[in-house]
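A quick write-up on the structure given underneath.
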Amino acid sequence: MRYRVVAAVLAAILCPVAAWGRMHSVSIPLDDGRLSLGVMADCLNQDLPIAKAILPPKSDLSIDFSGLRGWVLVRAVNAAGGESFHISVGADAITVSFDPEKIPADWNQFCAVLIRFTEIAAPEATARQYARQGLLLPAVIDPAKPLIILVHGMDGDAGSCTALRDLLEAEGKQTAIFAYPCERPLDEISQFLTDNMVRLHSRFPGLQIDFVTQSMGGLVVRDYVEGPSYVGNVQKLIMIAPPNSGSTWARLAILSKLLVNANNAVSDSEWSPTWMITEGLCQAANDLEPNSRFLEELNSHSRRLGVQYTIIAGDRPVFFRWESDALNGVSRLVPNDWWAFRMVRDELEQDSQSLLGTSSIGDGPVDLASAELPGVNDFVVLHADHVELYQGVDGHAPAAWNAIWERLRD
């Protein structure tokens with residue numbers, strides 16, 4: 001709750017008002033070292049009308065700026081604000097200074113400030129999260145063998161790649177995983193990958209690389225492989241369900257974010273609420289919208305010569321499986337001791353199987369047309385949904401495994 005309150009304070013301070021052209025300072029009284037959000041809204045409203053909407057005057061919430069924790073908050077806010085704003089705490093008041101010409105001008109810039117604030121305000125939680133990210137290499141690398149790098153998609157993590165990694169390692173392949181803050185802007189994630197690949201290349205300049213990507217991860221790798229900072233040595237790029245022309249499911253990103261983090265809060269003892277900020281605030285979803293600036297620029301690239309591209313897509317929407325599971329669940333509740341009940345039960349089971357056998361225009365999040373990419377002729381369509389393709393369900397191997405192995409076993 002403490003950091004959510006501070007985030008609201010940052011939002012009030014950082015809202016861009018381009019009409020101002022000089023530094024503004026507002027003094028807000030403190031009550032025994034505590035800053036009332038209601039009082040803050042009243043004080044800021046004279047120069048920043050949006051504050052009333054973000055910080056209701058009748059709010060009982062407050063922030064304690066006294067002691068060591070208060071010092072940490074001040075340091076975090078000032079470090080996040082850079083030259084755009086600054087706060088200083090006195091005995092009876094806090095002074096907020098801001099330059100309207102330097103404050104964030106768009107959503108991505110505001111998110112970057114909020115992420116910097118959270119990194120400083122919650123260093124231990126941030127360190128735990130960032131330790132799981134980057135290029136996660138094997139303990140020993142054989143430079144004579146290709147390194148297969150697995151890259152997850154939106155709302156995924158290294159765990160999303162374990163099914164394919166285990167299968168590849170069982171076949172004697174050398175694997176690594178590239179994990180990243182999955183909701184940051186895609187060009188930022190791509191730069192993170194580029195930095196890791198440059199370091200890897202400097203250590204093992206002759207190491208051959210094969211990429212196997214999941215969904216949005218394909219766009220990240222394409223941006224590196226087809227971009228100006230590519231350092232070479234990539235032999236194969238196998239993309240599973242890549243939304244090359246975007247996905248309308250990106251509009252559900254906030255729901256997906258909440259569901260994934262709710263599950264992590266229960267299953268992961270290291271999880272922290274601050275991770276929901278430092279992983280990004282659905283900026284990647286904006287880049288996945290059809291005709292986004294990122295996609296237009298990415299799709300203006302040519303395919304990289306010398307790289308063998310493969311696209312594996314699915315033609316069964318993921319909600320078909322959900323509906324089939326629901327029908328199976330209902331059928332199990334129907335008694336089997338009377339012929340009429342048996343007929344109902346058989347009909348439900350047949351409908352369930354019919355759904356699983358039905359093909360459509362895509363795998364749910366990614367349509368077949370969106371997965372296609374000019375210049376890529378190795379295009380495989382499997383009867384599977386978005387999750388089944390790379391993770392598998394109900395103990396089954398990922399549906400894309402055989403197609404992947406055919407291209408990597410040599």
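Listing for the model above:
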item	result
Derived scalar couplings ³J(HN,Hα) [the stretch 273-287; Karplus, 6.51 cos²θ - 1.76 cosθ + 1.60; whole Hz; x for Gly, Pro]	x, 5, 4, 5, 8, 6, 6, x, 10, 6, 5, 4, 4, 4, 6
The stretch 171-231 versus the stretch 286-307: alpha-carbon centroid distance in Å	16
Pairwise label distance in nanometres, ASN377 with VAL72, each label 7 Å out on the Cα-Cβ vector	6.0
In Hz, Karplus ³J(HN,Hα) per residue of the stretch 393-402 (6.51, -1.76, 1.60; θ = phi - 60°; x = Gly, Pro)	9, 6, x, 7, 5, x, 4, 7, 4, 4
J(HN,Hα) series, the stretch 242-252, from Karplus relation 6.51 cos²θ - 1.76 cosθ + 1.60, nearest Hz, glycine and proline x	x, x, 4, 10, x, 8, 6, 5, 4, 5, 9
Residues with amide H under 5 Å from that of VAL380, placed H, sequence gap 5 or more	ILE311, ILE312, ALA313
Proxy reagent accessibility, fewest Cβ within 10 Å first, across VAL140, VAL234, VAL366	VAL140, VAL234, VAL366
Two-site FRET efficiency, GLN208 against SER27, from Cβ-Cβ distance with R₀ of 45 Å, rounded to 0.05	0.10
Distance in nm between pseudo-label sites at SER229 and SER359 (7 Å out along the Cβ direction from Cα)	4.1
Other-chain or far-sequence residues with amide H under 5 Å of ALA93's (modelled H)	LEU30
Cut-off under 5 Å, modelled amide H: who pairs with LEU150 long-range	ALA176, ILE177, PHE178, VAL212
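No lab work stands behind these numbers, since they all come straight from the coordinates. Computed from a predicted model, the values in this text were never measured in an experiment. Positions of Cβ are backbone-derived with ideal geometry, glycine not excepted, and every protein chain shown enters the neighbour counts.
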